[in-house]
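We did not get these values from a lab; they are worked out from the coordinates using the rules stated. None of these values were measured; they are calculated from a predicted model. Note: ideal-geometry Cβ built from the backbone for every residue, glycine included; neighbour counts use all protein chains shown.
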Amino acid sequence: MVTVADMDTEQTLEPTLERPLGGNVLPLCTWPDPVLGGECTTVEAVTEDIMALARDMATTMYASQGIGLAAPQIGHSIRMIVVDVSGPDKREQLITLVNPVIEQAQGCIDSEEGCLSLPQFRATVERAEIVRVRGQDLQGNEVCIEADGLLAVCLQHEIDHLQGTLLIDKVGRLKRGMYERKIAKRAKRP
């Protein structure tokens with residue numbers, strides 16, 4: 001189930017899709033980069049710079065074989081995400097959301113996830129089964145997305161980034177400690 005409400009009307013997801021490309025591939029920030037741990041600021045207006053950043057985010061997400069990316073993952077502490085759960089190969093359902101918030105969450109599922117900012121880390125975490133997310137598209141229009149399945153999980157994961165919460169913050173001490181040691185060991189390599 002994926003529906004989008006534009007203020008008073010409800011429609012299919014297609015009208016809100018952004019097809020950017022032509023953007024640049026930007027370097028990904030990886031944990032423990034401090035930009036990943038902070039609360040992001042609200043985007044006051046959708047400017048040309050914001051639209052260019054959205055193109056770069058989508059291009060970077062696709063080049064990295066991801067299905068979602070939040071602005072902090074490329075070093076920008078603003079509330080913007082891109083997701084495309086048809087990817088990473090098809091690239092048919094790109095959604096760009098500015099200032100997204102989860103308005104409602106129902107049910108509970110276990111979700112096995114990875115993260116572009118946590119290379120070689122996977123974990124099973126608890127997520128809401130169905131979510132309603134409100135935000136703006138790149139034209140500044142308010143949109144409301146009701147999602148379940150992979151899209152619901154992906155939206156929750158990316159919105160977590162905007163609050164400074166990473167996948168590693170949702171696992172136990174043992175699994176986190178193992179990953180910390182792995183990263184430390186990798187950093188010592190010449």
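Once the other residues with Cβ under 12 Å from the Cβ of LEU166 are scored (Lys, Arg +1; Asp, Glu -1), what is the net sum?
Values: positive: LYS170, ARG176; negative: ASP33, GLU113, GLU158, ASP160, ASP169.
My count for the surroundings of LEU166 gives -3.
Please say if segment 64-106 is rounded, prolate or oblate, where rounded means a/c under 1.5 for a ≥ b ≥ c the square roots of the C-alpha gyration tensor eigenvalues, and otherwise the choice is prolate for a/b larger than b/c and oblate otherwise?
Values: a/c = 2.34, a/b = 1.21, b/c = 1.93.
Note, shape of segment 64-106 comes out oblate.
Given Cα pairs under 8 Å that are at least 6 residues apart, what percent is the relative contact order of segment 42-133? Write out the running numbers ahead of the final one.
Values: 144 pairs, mean separation 19.8, N = 92.
For segment 42-133, the relative contact order is 21 percent.
Among the lysines, which fall within straight-line cross-link reach of LYS170, defined as a Cα-Cα distance under 23 Å, with same-chain neighbours fewer than 8 residues apart omitted?
Straight-distance partners of LYS170: LYS182, LYS185.
So for segment 84-124, averaging the separation of alpha carbon pairs under 8 Å that are six or more residues apart and normalising by length, what relative contact order in percent results? List each step's numbers first, then the result.
Numbers: 23 pairs, mean separation 9.0, N = 41.
About 22 percent, as a whole number.
Apply 1/(1 + (r/R0)^6) to the Cβ-Cβ distance of SER64 and VAL101, taking R0 = 45 Å, and write down the FRET efficiency to the nearest 0.05. Walk me through the numbers on the way to the answer.
Working: r = 25 Å, r/R0 = 0.56.
Computed FRET efficiency for SER64 and VAL101 comes out at 0.95.
Go ahead and set up a Gaussian network model of the chain, Cα springs under 10 Å, then flag whichever of ASP160, ASP110, ASP137 fluctuates most.
ASP110
Extending each Cα 7 Å along its Cβ direction at LYS182 and ILE109, get the distance between those two points in nm, one decimal.
So the label points at LYS182 and ILE109 sit 2.4 nm apart.
For VAL143, which sequence-distant residues (separation of 5 or more, or a different chain) have an amide H within less than 5 Å of its own amide H, given hydrogens modelled in the peptide plane?
Residues meeting the amide H criterion: GLY135, GLN136, ASP137.
Assuming R0 = 45 Å, what is the FRET efficiency of LYS90 and ASP169, from their Cβ-Cβ distance, to the nearest 0.05? Working shown, then result.
Working: r = 30 Å, r/R0 = 0.68.
According to the calculation, E is roughly 0.90.
Whole number please: convex hull volume per residue, Cα atoms of the chain, in Å³.
Details: hull volume 22.3 nm³, N = 190.
Taking only Cα atoms, the chain has a hull volume of 118 Å³ per residue.
Using Cα pairs closer than 8 Å and at least 6 residues apart in sequence, work out the relative contact order for the chain, in percent. Can you show the working numbers first?
Values: 384 pairs, mean separation 44.6, N = 190.
Result for the chain is 23 percent.
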